Amino acid sequence: MHNRPRNRVVDEKELDEKRKKITKWNQLKNQIFEERKSGAIDPNQLPKLNNLILLAPEFSSFWNYRKEIITDQLSQVNSEEQKRDIYKKELALTEQVLSERHTKSYLTWHHRKWCIVHVPDLWQNELALTSKLLSYDNRNFHCWNYREFVIKLLNLNPNQELDYCYSLLTTGNEGVSNYSAYHYRSAMLNRKHEEQQIDFDQLLLEEWDLVKNAVFTDSTNQSAWFYNKWIQQKMTHSEEFIQDQVETCESIIEIDGECKWATLTILWNEMNSNKQLSEERLTFLFEQIENLIRLDPLRKNYYLDVKSDLLLLHSKCLQSDNVFKANDLNLTRFDAIVNNAKYENVVELDLSNNHIRAIPNLSSMKNLKRIILDHNKIEFLENVEGLDYVSIKNNQIQHTDEKLVNSIKKIDMEGNPLI
Amino acid sequence: MAEHLPNDQYDVIISSTGLVQSLLAGALCRVEKKVLHLDMNDRYGGQQSTLNLEEFHQFISRGQHSTDQSNHEKKEGATSLTYQDAYKILHFDYKKKTTTQEDTSEQNTFRRSDLPNDMDEALVSQSRRFAIDLTSQLLFSNGEIVQLLISSAVGRYLEFKCIDAIMVYVPEQIKKGQKPPETLNYRFEKVPLTKGDIMKNTFVSLPEKSYLVKFITSCMDYESQPEFQKYQNEPFIEYLRAKNLSPLLCSFIIYAIAMLQDEKSVNARDGMSRVKLFISSLGRYGSTPFLYPLFGSAELNQAFCRVAAVYGATYVLRRGVENVVHDVNENVTGIECTQGQLLKCSSGFVLDRDYCASNVVVSECNSIVRQVLISDSALFDPNQITGKENSLGCAVVAYIPPGSFGNDQKYCVTVMQVDQTSSCAPKGKFLISLQIKRDQGDSDEQVLSLLKTISTRLFESKNIVFDDVVAYQAVYRQLIRSGNCGLPAFENLFVCDDADGSLDYGYLVSRAKNVFEKLTKGQDFEFLPKMPNPDGEDDQRVDETSRLLGLGLEEQSAKLDQEEVVESKDETNEQITEEQETKQD
């Protein structure tokens, strides 16, 4: 706990025992180091390392020493079977370490990977081992990564893994929010698409179906919604799909009364859509953003950014002479204009009197000559090299770069707290 | 045994080894009361008895057991009792021997079985492997009886199986816009109880999933919700509808979760307290909240009787009570048992409704009608239920809401299927029971015919012919008697009501505690305190770090002599290597 003094009662007996253990540990460790220094690269050293590794599996020297001994052993042995036996002994040790609650030891997993590649007859077993460990802790990323590694070794059909994830997601009350399982599914989908040449959009639609069931079951479960964001991004624009997403979210909001994630998902979808939104719809979406700010005040700035994006995307601020003027709109950023092909020909950008905090990379706006950003909240002068005119009065800029300023033909920086 | 008991002075005499009485016997003996526990039958269990096939067939073919003492001379200070058990047999039949079996029947002249000679050999030879409950009973994982089993450590004697699935018989769902067909198809659907089950369920629609999860989550603190305040005294179904629960979900909740007999009889307050009990037991040992004792329900009764016996109770089977003896102050002082011995009790006498005063015999009241089947085919396929191929078996409880089989079906039918995985049947056989409440005055024939129709049709829907697979069938009625039964209301005379067909044990435990309190008035004893562990305390262990470093409890000197340390280290390391090698085998 923060700000709480540690007042542990000092028990002399306890301390004494600890000292004993530390002394013993140091003595054993030093002994090993000395033996190695004097050239002891032989199998007799291995048993001495077992207990020490069990005690401190992240002490890399012991694992590396083992690797040295093993490599030496392997070079002296001829038959494949003997080689495998050597590896199997190592695997047994790593298994012992993992089962003694050191399930997140980087070095142990690494050693296991190092060994398992040479023992194909145990690959199938590895799946069972990872399943078991995942049943104890379903977010152990070491375990998940290892599983993916083994799948590649086995060249397994991703369908099997998709089924495995599905069973994890539909177990008990906690399964539905198993973030790792969703993530793993996305990795498997990529493989399925590549190997079986199945249309990715088709796969994504199936995932959307899975997500639908998950979010109706538990609409506050953010794992499923995040997974949906990925699906949304990967899905090639389909108005039908977007419509389905929006309708589903609206159903959920109707049942729940209010749901932050459903509202946010609607917004994300509307931003992806190429359809021009009506005034009415825009007003409705802005209301939803106000709702989100109320429901989730911690992320207020994020929602204001979303609102700015939405405003700019559907604005009527582009005038006929390629001047873009958007003032007094409480915009917090203007990234949405920059990356949009619609505004490629803009010559002048006037965004004064807003709440903009930073200037994004403007290189895609190839025709931009003049930029006016008076009365905003910009802290750094950047990304405006080579422009004809920059007006950046009454912002929060404290430093300037001489080279940058010199590259601009005319610059107006009145009202900034320059040092 | 026609002998008299050597001891005739006890604190409490208990008759019948039903669950309430068994709990009482155990609890009283643990607080050093002297208890005499009698049972008219030659088995333990009372109305919760579990019988093998031979015993069950005897029970069925004998019919109702009663003894009439009304012709005994009336004595001063003694009330004569009549014994009449609650059962009336309505029907039974069994698979007969095939002709090939008949030919070899000569070889079985030494068969010591009381089963009929013409019964199928397969049934006879496996008779002992069956554990048939006289009434269906399940334990709530977080209910009173399990808490008691844990706190008293009596659970040590028992093994349990978690029920695999709870099913409800429901009509097919009609999609929006579709015209409902002439006759609806019904089938059993598993009730999804965890979020995972609900998510993968394909029978429940998406919005229904949301409402169901919300309902389940909200029922742990439903009392504070304004909606509940409004509907507390209204019918339960109205409250459920107000929570946007569809007819399908209402079926699940009323029959499978609240476990009610029909939808009208209960108000929201009582309904929700039942729901809460169910939900709070979810997930404790499995995906359903129920446990079932391996080898049948009577195991529970026996475990508590065992406790009582260990702590000094005297058990006598095949002994009943003829008269209750009392003094002028209207206290029961003893009983005269069927062997004619007078046995005295100083604190009290506990009996059940099998006994009543001789001039008051109940023959009509509400009852439960139960059909027991031994079948070669399962009604609920274990592979489908457990999701595994080659599943060994499963335990399932299912409900058929009233009206599913016509208007004659006034109450819910409870179906249970157990098999070898509950140690209740031999491999390849299934024990199926159907149970329904019957109102006083209804016709036996009608209920019998209803149950037969239901079980036949259920098999038919799986394309199985009833007569092909059912090797044994019995239907019987069990009375639910209550009220005074004609005995004077002595203060130290306690009567245990008949089992009322409810699946769980809550009421029975409360009753036992209630009587215990009265019998030990004012002494404030704990009900079944923890039994001491016969295996002794856990050994002192060396902590893991010390063990790995080679430091042991027995290490004498703090001096870390080089040689000494190397030796002991090698020893333990050798041990580890050995262990590793054996692990790989």
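The values are calculated or read from the model by the stated rules, or taken from the named source; none is laboratory data. Keep in mind it's a predicted model, so treat the numbers as computed, not measured. Every residue, glycine among them, receives a Cβ derived from its backbone with ideal geometry; neighbour counts consider all protein chains shown. In case anyone asks, the SASA skips ligands and DNA or RNA and just uses the protein heavy atoms, side chains included. Shrake-Rupley method; radii C 1.70, N 1.55, O 1.52, S 1.80 Å.
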* Asked: When only the heavy atoms of the protein chains count and the probe is 1.4 Å, how do A:Met271, A:Met188 rank by accessible area, highest first?
  -> A:Met271, A:Met188
* **Surface share of carbon and sulfur [accessible, 1.4 angstrom probe, percent] for the range A:237-315** => 48 percent
* Structure fact -> Under a Gaussian network model of chain A whose springs join Cα atoms within less than 10 Å, the largest fluctuation of A:Ile151, A:Ile266, A:Ile408 belongs to A:Ile408
* Find the accessible area per residue for the protein assembly as shown; the probe is 1.4 Å, ligands and nucleic acids are left out, and the unit is Å². => 49 Å²
* Structure fact -> chain A, Gaussian network, Cα under 10 Å: of A:Gln96, A:Gln202, A:Gln31, the residue fluctuating most is A:Gln31
* Structure fact -> In whole Hz, the Karplus estimates of ³J(HN,Hα) for the range B:144-153 (6.51, -1.76, 1.60; θ = phi - 60°; x where Gly or Pro) are 4, 5, 5, 4, 5, 4, 6, 5, 8, 6
* Using the Karplus curve 6.51 cos²θ - 1.76 cosθ + 1.60 with θ = phi - 60°, work out ³J(HN,Hα) for each residue of the range A:282-294 in order, rounded to whole Hz, and write x for Gly and Pro. => 4, 4, 4, 5, 5, 4, 4, 5, 4, 4, 4, 4, 6
* When the accessible area of each residue in the range B:202-232 is compared between its chain alone and the complete protein assembly (1.4 Å probe; ligands, DNA and RNA ignored), which residues differ by at least 10 Å², being lower in the assembly? -> B:Leu206, B:Pro207, B:Lys209, B:Ser210, B:Tyr211, B:Val213, B:Lys214
* To do: Step through the table entries A:Lys29/A:Lys113; A:Lys192/B:Lys195; A:Lys132/B:Lys462; A:Lys13/A:Lys67, compare each Cα-Cα distance with 30 Å, and write down the pairs that go over it.
  => A:Lys132/B:Lys462; A:Lys13/A:Lys67
* Structure fact -> With the 8 Å Cα cutoff and a minimum separation of six or more residues, the range A:316-419 has a relative contact order in percent of 20 percent
* To do: Hey, can you grab everything whose amide H is under 5 Å from the amide H of B:Arg438? Only 5+ residues off in sequence or another chain; H modelled, so Pro and N-termini drop out.
  => B:Ser367, B:Ile368, B:Val369
* Structure fact -> Between chains A and B, total accessible area buried, probe 1.4 Å, no ligands or nucleic acids, nearest 100 Å², roughly 3500 Å²
* Just the number, please: percent antiparallel of the DSSP beta bridges in chain B, rounded to the nearest 5. => 75 percent
* Asked: Short version: which residues of the range A:44-61 lose at least 40 Å² of accessible area, all chains versus chain alone, 1.4 Å probe?
  -> A:Pro47, A:Lys48, A:Asn50, A:Asn51, A:Leu55
* Asked: Please identify the chymotrypsin sites (Phe, Trp or Tyr not before Pro) of the range B:150-231 that satisfy two criteria: DSSP loop assignment and at most 16 other Cβ atoms within 10 Å. Which are they?
  -> B:Phe203
* To do: Hand me the chymotrypsin sites (Phe, Trp or Tyr not before Pro) from the range A:331-383 located in a DSSP loop with no more than 15 other Cβ atoms within 10 Å, in residue order please.
  => A:Phe380
* Structure fact -> From highest to lowest solvent-accessible area (probe 1.4 Å; ligands, DNA and RNA excluded), B:Arg30, B:Arg156 read B:Arg156, B:Arg30
* With runs of 4+ DSSP H residues as the only contributors, calculate the mean residue ellipticity of chain A at 222 nm using -39,500 (n - 2.57) per run, divided by the residue total and rounded to the nearest 500. => -19000 deg cm²/dmol
* To do: Anything over 30 Å Cα to Cα? Flag those among A:Lys300/A:Lys403; A:Lys307/A:Lys342; A:Lys234/A:Lys393; B:Lys96/B:Lys452, in the order listed.
  => A:Lys300/A:Lys403; A:Lys234/A:Lys393
* Structure fact -> In chain B the accessible area split gives carbon plus sulfur, as whole percent at 1.4 Å, a share of 45 percent
* Asked: What is the helix-to-structure angle for A:239-256, meaning the angle in degrees between its Cα long axis and the longest Cα principal axis of chain A, kept from 0 to 90 and rounded to the nearest 10?
  -> 80 degrees
* the range B:215-229 - phi-based ³J(HN,Hα) in whole Hz, Karplus 6.51/-1.76/1.60, Gly and Pro as x -> 5, 4, 5, 6, 7, 7, 9, 6, 4, 7, 6, x, 4, 5, 3
* Asked: In peptide A:21-32, what is the residue-averaged number of other protein chain Cβ atoms found within 10 Å of each Cβ?
  -> 3
* Asked: If you take the charge dipole of the protein assembly as shown about its Cα centre, with +1 on Lys and Arg Cβ and -1 on Asp and Glu Cβ, which of B:Val204, A:Gln31, A:Ala326 is farthest toward its positive end?
  -> A:Ala326
* Cysteines in chain B lacking a second Cys C-beta under 4.7 Å -> B:Cys29, B:Cys162, B:Cys219, B:Cys250, B:Cys305, B:Cys337, B:Cys345, B:Cys365, B:Cys394, B:Cys412, B:Cys424, B:Cys496
* Using only protein heavy atoms and a 1.4 Å probe, report how much of A:Trp268 is accessible, in Å² to the nearest 10. => 30 Å²
* Of the beta bridges DSSP finds with both residues in the range A:316-419, what % are antiparallel, to the nearest 5? -> 10 percent
* Structure fact -> Judged on accessible area alone, 1.4 Å probe, highest first, B:Ile400, A:Ile411 line up as A:Ile411, B:Ile400
* Cα-only Debye scattering, the range B:112-242: base-10 log of I(q)/I(0) at q = 0.11, 0.21 Å⁻¹ -> -0.77, -1.32
* Ellipticity estimate at 222 nm from DSSP helix runs (n ≥ 4, -39,500 (n - 2.57)) divided over chain B, nearest 500 -> -8500 deg cm²/dmol
* Sites matching trypsin sites (Lys or Arg not before Pro) across the range A:80-152 that sit in DSSP coil, with at most 14 neighbouring C-beta atoms within 10 Å -> A:Arg101, A:Arg139
* Based on the Cβ-Cβ distance from B:Asn331 to B:His65, what FRET efficiency comes out when R0 is 45 Å, to the nearest 0.05? -> 0.90
* Asked: Averaged over A:209-218, how many beta carbons belonging to a partner chain fall within 10 Å of each residue's beta carbon?
  -> 6
* Rounded to 5, percent antiparallel among DSSP beta bridges of the protein assembly as shown -> 65 percent
* Asked: What's the FRET efficiency of A:Met271 with A:Leu154 using the Cβ-Cβ distance as r and R₀ = 41 Å, to the nearest 0.05?
  -> 0.50
* Asked: In whole Å, what is the distance between the alpha-carbon centres of the range B:468-538 and the range B:134-163?
  -> 14 Å
